[in-house]
1. With angles folded into 0 to 90 degrees, how steeply does helix 30-42 sit against the dominant principal axis of the chain? Use alpha carbons for both and round to 10.
2. Say each of THR7 and PHE110 gets a label point 7 Å from the Cα, pointing the same way as Cα to Cβ; how far apart are those two points in nm?
3. Summing +1 for each Lys or Arg and -1 for each Asp or Glu, what net charge is found among the other residues whose Cβ lies under 14 Å from the Cβ of ASP74?
4. Calculate the FRET efficiency for ASP118 and PHE28 from the Cβ-Cβ distance with a Förster distance of 41 Å, rounded to the nearest 0.05.
5. Could you give the dipole magnitude of the chain about its Cα centre, charging the beta-carbon of Lys and Arg +1 and that of Asp and Glu -1, in debye to the nearest 20?
6. For the chain, which span is the longest to avoid every loop-located (per DSSP) member of trypsin sites (Lys or Arg not before Pro) having at most 10 other Cβ atoms inside 10 Å?
7. For segment 5-110, give the magnitude of the charge dipole about the Cα centre (Cβ charges: +1 Lys/Arg, -1 Asp/Glu; no others), in debye to the nearest 20.
8. At 7 Å along Cα-to-Cβ for each site, give me the label-to-label distance between SER131 and VAL173 in nm.
Amino acid sequence: MTDDITTIDLFPLRLVLLPGEVLPLHIFEERYRRLIARCRESGSAFGAIMHDDDSVAEAGCTAVVHEVVEELEDGRLNIIVRGRQRFRIETLLQPDDPETDCLRGRIRVFDDDPDGDDVDHLVAEAEPLFSRLVALMGAGVMEVPRGDDPLSFRLASAVDFGVALKQRLLEAVSETDRLDLLVTVMQGLIPSLELRRDREEAIRGNGKGN
């Protein structure tokens with residue numbers, strides 16, 4: 001974690017953005033149209049933060065506008081953003097006018113702690129599990145996503161493991177811990193997906209289930 005604290009515009013979402021992940025967003029509220037306009041003009045980032053009905057998460061991910069897909073006549077936008085750096089919120093700053101101004105936060109960027117020797121072993125375990133999982137989900141043959149970001153983030157960006165798990169991955173400061181969690185989750189999902197596949201094949205084969 002760095003010692004630097006900066007202030008950034010925040011965009012609360014009902015999802016989690018990970019470093020390196022690309023995400024489509026439909027921008028329609030005035031306050032967020034203004035936010036995106038500022039980011040496009042300056043090239044600056046904003047903070048994507050998961051929220052529910054009552055509060056926002058303690059950690060999020062900075063995001064930059066990767067592509068403007070469509071600008072509608074009424075001012076709405078369809079854009080694609082890309083996740084950059086993880087951060088923790090030190091202080092939330094409420095807007096003077098919630099209708100036109102967005103939430104802001106004083107944030108501190110953080111990164112991983114050094115990992116041990118277990119990472120290579122977990123990578124070798126996680127990659128074939130991922131390929132097996134996506135095949136059973138009906139996605140066909142999907143190669144393990146490549147890139148410079150940690151493998152755990154690349155896998156969790158490619159498959160919907162749910163916002164709660166993604167938030168845990170976002171906040172974890174060890175690639176070993178993240179991969180260990182993903183391996184456990186995938187090992188738990190695969191048997192039920194195999195059972196579903198076998199039942200569907202049996203129905204197709206004889207016209208009825210057993």
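Just so it is clear, none of the values below were taken in a lab; they were calculated from the coordinates. Because the structure is predicted, anything quoted here is derived from the model rather than measured. Here the Cβ positions follow ideal geometry from the backbone for every residue, glycine too, while neighbour counts run over all protein chains shown.
1. Compared with the principal axis, the helix lies near 80 degrees.
2. Label at THR7, label at PHE110, 2.3 nm between them.
3. Working: positive: ARG33, ARG76; negative: GLU29, GLU30, GLU70, GLU71, GLU73.
After counting each charged neighbour, the total is -3.
4. Values: r = 45 Å, r/R0 = 1.10.
Using R0 = 41 Å, I get an efficiency of 0.35.
5. Values: 25 positive and 42 negative charges, 147 e Å.
Computed charge dipole of the chain: roughly 700 debye.
6. Numbers: sites that count: ARG14, ARG146, LYS208.
Between the exposed loop sites, the longest stretch runs 15-145.
7. Details: 14 positive and 19 negative charges, 131 e Å.
In total the dipole reaches around 640 debye.
8. Label-label distance for SER131 and VAL173, simple model: 3.5 nm.
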